[in-house]
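Structure first, then comments.
No lab work stands behind these numbers, since they all come straight from the coordinates. Just so it is clear, the model here is predicted, and its values are computed rather than measured. Please note: Cβ atoms are built from the backbone with ideal geometry, for glycine as well, and neighbour counts cover all protein chains shown.
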Amino acid sequence: MNKYIFHKLAIGIVIFAACGVLQAQVLSSEQIDALVERSMKAFDVPGIAVGVIKDGKIVHSKGYGVRSLNTKQPMDENTLFGIASNSKAFTTAALGMLVDEGKIKWDDKVRDYIPEFKLYSPYVTEDFTIRDLLTHRSGLGLGAGDLMFFPDGSDFTLKDVIHNLRYLKQVSSFRTKYDYDNNLYIVAGEVIARVSGKSWPEFIEERFMQPLGMTKTAATFNRLKDKSNVIDGHASVNGKVQVIDRSKLEIAAAAGGINSNVTDLFKWVGTLLAKGKYGEGGSKRLISEATLKELWTPQTIIRVGDPGPYNTHFAAYGLGFGLTDVSGRLQVRHTGGLEGMVTEITMIPELNLGIIVLTNQQEGGAFISISNQIKDGYLGRSGTDWVSMLSERRKKSLADAKATTDAIWAKIDEAQKAASNVDAAPFVGNYSDAWLGPVSISMKDGKPWFQSKRSPRLSGEMFPYKGNTFVVKWTDRSMDADAFVNFTLNEEGKPSGFTMRAISPLTDFSYDFHDLEFHRAK
């Protein structure tokens, strides 16, 4: 949910051509310190926490920078972050527990547990399984329906999300294509609730956090018992990084709600690397080895381009984990992103290695540069200077996006000068989309204004662009998501509805404006 992370609440498989060779070595703690400081400066990130666990032992655990630019309080290994889509692995593991207990099967039909579950296609609805909820192969488009919970602050309920899925049209055939999805993980959380009799947060905390001793962790931000050491989220607003509103992600908790720190996540990652065992000498078991194997088995194929520096030949999504080969070894990985924060957990089971990177700014290059540089040392490869390479790529991406948006705003300025008397009155009215609900187009201080009723932060001035197209400039400038509003006309030449599309190529995919189809209220 940011402008540079490559798949925010997604697996984040990114392959680059090598450049800027460094000598291969396992980084010492002092070298990791220097690496993180470089990355923070290169990507303008106020605070980062990094953890490395190898052969069951913690070899690095530290916080850097500050929790918040407002308070200037220092970061440490106990500072709490929203881990976003790294929560998905807890949801799949929870379902695995229910499989172990014989209460469900991976290929049970979703409607057996949630009878009201319904997608756009009747066939897909009837054949949809629990496994399908977790593997991003539903046929829905990338991030479809995310505007029901993103940006944070909407009034949609779990019941609303389940009901509204029926209005989202498929963009590909069922089980044929990978398109990252969050809403179906929300449904997966509800399967857990209906089978177990406990809410998703209760189940996750009782069955994972408590036995593993993750004492500071909670299933959602609002459930944290101690908020004295939490980050603020940050984003670039008008060219300057600053604190933005807290993202709590209550409704989508099963897709990305957990808040945790490096210290507690060591216990989770260590258990996974120990094949589901924990406790003194691995005397206890959290999930079965068979279930863990299923979580780490390819389910949906992801296209791979050039093999890149890790000689990568395959990529796939398992159950809550991204899977790929790096230098001949399996990598199990996921990224996560909320407004103002992005995270990554990387594991190489054959090396018994886990790397955790948590950041309080929405720049994906920061965590990738750190985790890849650390990983390179353990793989024994002559590594790329990831900070230099990714920061250069970031500069180019930002420059290209700025050129695109600047050109559009230049045309808007020209349009305003050439037609200062554009009559916006015909476009004023109430409109509604099947799943996002009502939006009003009104006049505010003599200017056309967009306002969503159910997602109040989708509010801003509208500017005439070309013909029947306007551009909405969101009042909240932390949302890098200004969008075209393209009105359709009826046979009498009057506006009858509109569609939308983000302007910037870096707009986060959860702003899925392209999935909306508004019709004018009668």
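Okay, here's what the table says:
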{"item": "Over region 81-235, relative contact order from alpha-carbon pairs under 8 Å, at least 6 apart, %", "result": "24"}
{"item": "Under-5 Å amide H pairs with Glu77, H placed in peptide plane, nonlocal only", "result": "Gly63"}
{"item": "Theoretical gain in end-to-end length, Lys198 to Thr475 [0.36 nm per residue, Cα-Cα removed]", "result": "95.8 nm"}
{"item": "Pairwise FRET efficiency - Ser29 versus Ser228, Cβ, R0 = 25 Å, nearest 0.05", "result": "0.40"}
{"item": "Cβ crowding within 10 Å averaged over residues, with 89-96, 222-229 ranked highest first", "result": "89-96, 222-229"}
{"item": "Environment charge of Ile368, counting only residues whose C-beta is closer than 11 Å and scoring Lys/Arg +1, Asp/Glu -1", "result": "+2"}
{"item": "Linear extension gain, Ser173 paired with Lys105, 0.36 nm per residue minus alpha-carbon span", "result": "22.1 nm"}
{"item": "Asp476, Asp445 arranged by Cβ crowding within 10 Å, fewest neighbours leading", "result": "Asp445, Asp476"}
{"item": "For region 507-522, Karplus couplings with θ = phi - 60° (6.51, -1.76, 1.60), whole Hz, Gly/Pro x", "result": "4, 4, 5, 6, 7, 8, 4, 5, 8, 8, 9, 8, 10, 5, 5, 5"}
{"item": "Span from the region 27-93 Cα centroid across to the region 145-206 one, whole angstrom", "result": "29"}
{"item": "Val59/Gln210 FRET efficiency (R0 30 Å; Cβ-Cβ; nearest 0.05)", "result": "0.70"}
{"item": "Förster-model FRET efficiency, 60 Å R0, Leu351 and Ile114, C-beta, rounded to 0.05", "result": "0.90"}
{"item": "Rg over Rh, two decimals, the chain (C-alpha only, Kirkwood Rh)", "result": "0.97"}
{"item": "Residue-span extension gain [Ser397 to Ile301] - 0.36 nm each, minus C-alpha spacing", "result": "31.9 nm"}
{"item": "Sequence-distant residues sharing a close amide H with Ala252 (under 5 Å, placed H)", "result": "none"}
{"item": "Estimated vicinal HN-Hα couplings, Hz - region 275-288 in sequence order (Karplus 6.51, -1.76, 1.60; Gly, Pro = x)", "result": "6, x, 9, 8, x, 4, x, x, 6, 10, 10, 8, 9, 6"}
{"item": "Amide hydrogen neighbours beyond the local backbone of Arg285, cut-off 5 Å, H modeled", "result": "Tyr278"}
